[in-house]
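Worksheet: the structure to be examined is printed underneath.
The values are calculated or read from the model by the stated rules, or taken from the named source; none is laboratory data. Just so it is clear, the structure is predicted and the values come from calculations on it, not from any experiment. Cβ atoms come from the backbone with ideal geometry, glycine included; neighbour counts cover every protein chain shown. Accessible surface areas use protein heavy atoms only, side chains included; no ligands, DNA or RNA. Shrake-Rupley method; radii C 1.70, N 1.55, O 1.52, S 1.80 Å.
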Amino acid sequence: MSTSIISFSIQKSLESKINQVDWENLPFGKVFSDHLFLMEYSDGQWQEGAIIPFAPIPMHPAMSAIHYGQSIFEGLKAYKNKAGEITIFRPDMNAKRFKESAERMCMPPVSEEIFVEAIRKLVELDANWVTDKEGYSLYIRPYMFATDEYVGIKASDTYKFMIITSPVGAYYSEPVRIKIEEHYTRAATGGVGRAKAAGNYGASLYPAKQCQIQGFHQLLWTDAKEHKYIEESGTMNIMFQIGGKLITPSEDSDTILRGITKRSLIDLVLTWGIEVEERKVTVEEIVLAARNGTLEDAFGVGTAATIAQVAVIGYRDELLEMPAIETRTLSNKIKAHMDALKMGEIEDTFGWNFKV
Ligand code: PLP
Ligand code: COI
């Protein structure tokens with residue numbers, strides 16, 4: 001990937017906020033590093049990008065993104081490994097997905113080269129915000145939104161592409177309790193479920209709140225038509241282990257986010273000789289397996305969530321308890337492997353760690 005010809009203007013912040021950070025009590029996504037990246041689209045093209053001090057941005061009251069939701073985002077992480085090098089996990093994959101989301105939402109694509117180089121430069125400048133504290137990383141949030149000052153409905157002619165970064169620990173601090181949702185719907189065929197569109201998350205908040213009142217962390221979404229097939233969770237893809245096989249909902253439908261963590265883990269476990277089934281997964285088979293004790297493992301996978309082992313699956317009035325965490329050979333092995341890979345303790349045979 002050639003990055004040398006891309007240049008951005010850089011305005012450094014006069015004073016770093018890093019000394020104000022309480023690293024022992026770091027809430028997810030509330031603390032931001034010193035700089036942000038900003039690039040504007042107008043006159044039919046992307047203008048020169050800039051890295052500037054992190055600060056609020058002005059907003060027109062008619063800005064179209066907040067009225068009609070042309071808004072997409074990505075999430076990825078930078079790590080500091082044992083050798084002190086900073087690496088970013090598979091930014092090219094996020095660049096590709098961002099382009100796909102943009103296309104679905106009728107927004108202009110950002111080239112993969114610019115996407116990756118903007119992240120690389122921003123992380124390089126805020127390198128001291130990438131901690132080597134175990135279990136921590138710098139969460140990177142690229143996003144794009146429509147900025148036309150117009151309340152008519154049409155695709156905007158102007159956009160902002162921005163990147164902010166935030167030092168984070170675990171999104172879930174304990175094994176997750178998830179509930180199978182049979183009434184509300186996250187995404188329907190022909191909709192925008194595959195895109196990482198902001199509205200998908202807004203629409204999920206009310207159903208998620210209902211399950212949180214019942215003591216769950218998140219929902220396990222099912223298909224919109226019959227609520228018969230498992231799709232994904234609100235913040236992560238889902239994987240199950242039955243009879244030694246790894247089973248996960250196929251992403252052939254356009255209702256499931258094509259997770260980068262999921263794709264990476266599938267490639268990884270295939271090298272361990274584990275059989276993987278990407279297919280339609282019925283609620284019934286998972287519930288039956290949990291009831292009769294053949295559901296060996298279940299875990300959510302995602303950038304923020306990392307590998308979030310499932311403690312309990314809620315199904316109607318039933319609480320399906322999962323095997324004890326220490327017996328989860330597969331998810332424990334994947335977790336350990338991915339941590340070691342990101343920390344540079346094992347060879348990066350797939351070439352997933354992008355050096356800053
Ligand atoms: N599904 C949803 C709805 C998500 O928000 C995420 C997080 O990005 C994922 C799946 C996992 O995707 P990835 O592994 O690319 O982070
Ligand atoms: C991510 O994992 O990057 C996401 O976008 C999910 C969100 C819960 C932070």
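The figures follow:
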quantity: Computed lengthening from K12 to C106, 0.36 nm per intervening residue step minus Cα-Cα distance; calculated: 30.5 nm
quantity: Gyration tensor (alpha-carbon) shape descriptor, region 255-296, a/c threshold 1.5; calculated: oblate
quantity: Two-site label geometry, T189 and D317: point separation in nm, points 7 Å out along Cα→Cβ; calculated: 3.4
quantity: Cβ-Cβ FRET estimate between E113 and E174, R0 fixed at 41 Å, reported to 0.05; calculated: 0.55
quantity: Net length gained if the chain between E134 and A55 were fully extended (0.36 nm per residue, minus Cα distance); calculated: 25.6 nm
quantity: For region 224-230, Karplus couplings with θ = phi - 60° (6.51, -1.76, 1.60), whole Hz, Gly/Pro x; calculated: 6, 7, 10, 6, 10, 10, 7
quantity: Per residue accessible area in Å² of the chain, where ligands, DNA and RNA are left out and the probe is 1.4 Å; calculated: 46
quantity: Rounded to whole Hz, the Karplus (6.51, -1.76, 1.60) HN-Hα couplings of region 36-46, x for glycine and proline; calculated: 9, 10, 9, 9, 10, 10, 7, 6, x, 7, 6
quantity: Mean ellipticity per residue at 222 nm, deg cm²/dmol - from DSSP H runs of n ≥ 4 across the chain, formula -39500 (n - 2.57); calculated: -7500 deg cm²/dmol
quantity: GluC sites (Glu not before Pro) within region 33-74, DSSP loop, no more than 16 other Cβ atoms inside 10 Å; calculated: E48
quantity: Amide hydrogen neighbours beyond the local backbone of L295, cut-off 5 Å, H modeled; calculated: A290
quantity: Extension reserve of the D339-R263 stretch, reckoned as 0.36 nm per residue once the Cα distance is removed; calculated: 25.7 nm
quantity: Carbon + sulfur, % of accessible area of region 176-342 - ligands and nucleic acids excluded, 1.4 Å; calculated: 52
quantity: Heavy-atom accessible surface of region 2-130: percent carbon and sulfur, 1.4 Å; calculated: 52
quantity: P(r), alpha carbons of region 223-356 - 10 Å bins starting at zero, rounded %; calculated: 11, 43, 34, 10, 2
quantity: Under 22 Å from the Cα of K280 - lysines, other chains or at least 8 residues apart; calculated: K179, K196, K225, K228, K245, K262
quantity: Modelled FRET efficiency - R0 35 Å, T329 with I213, Cβ distances, 0.05 increments; calculated: 0.55
quantity: Cα centre as origin, Lys/Arg/Asp/Glu Cβ charges: the chain dipole, Debye; calculated: 220
quantity: Amide H within-cut-off set for H35, under 5 Å, with H built and near neighbours excluded; calculated: F54
quantity: Sequence-distant residues sharing a close amide H with S250 (under 5 Å, placed H); calculated: R279, K280, V281
quantity: Phi-based couplings in Hz for region 141-155 (Karplus 6.51, -1.76, 1.60; Gly and Pro marked x); calculated: 10, x, 7, 9, 8, 7, 10, 4, 9, 6, 9, x, 8, 6, 5
quantity: Among V151, V176, V130, residue whose mean-square fluctuation peaks in a GNM of the chain (springs only between Cα atoms under 10 Å); calculated: V151
quantity: Cα-projected label distance for Y201 with W272, points at 7 Å along beta-carbon direction, nm; calculated: 3.0
quantity: Rg over Rh [alpha-carbon atoms, Kirkwood Rh] for region 9-169; calculated: 0.98
quantity: Loop trypsin sites (Lys or Arg not before Pro), region 103-203 (other Cβ atoms within 10 Å of the site Cβ: 13 or fewer; DSSP); calculated: K133, K154
quantity: Simple Cβ-charge dipole of region 176-342, Lys/Arg +1 and Asp/Glu -1, about Cα centre, in debye nearest 20; calculated: 460
quantity: The chain: radius of gyration over Cα atoms, expressed as a fraction of 2.2 N^0.38 Å; calculated: 1.01
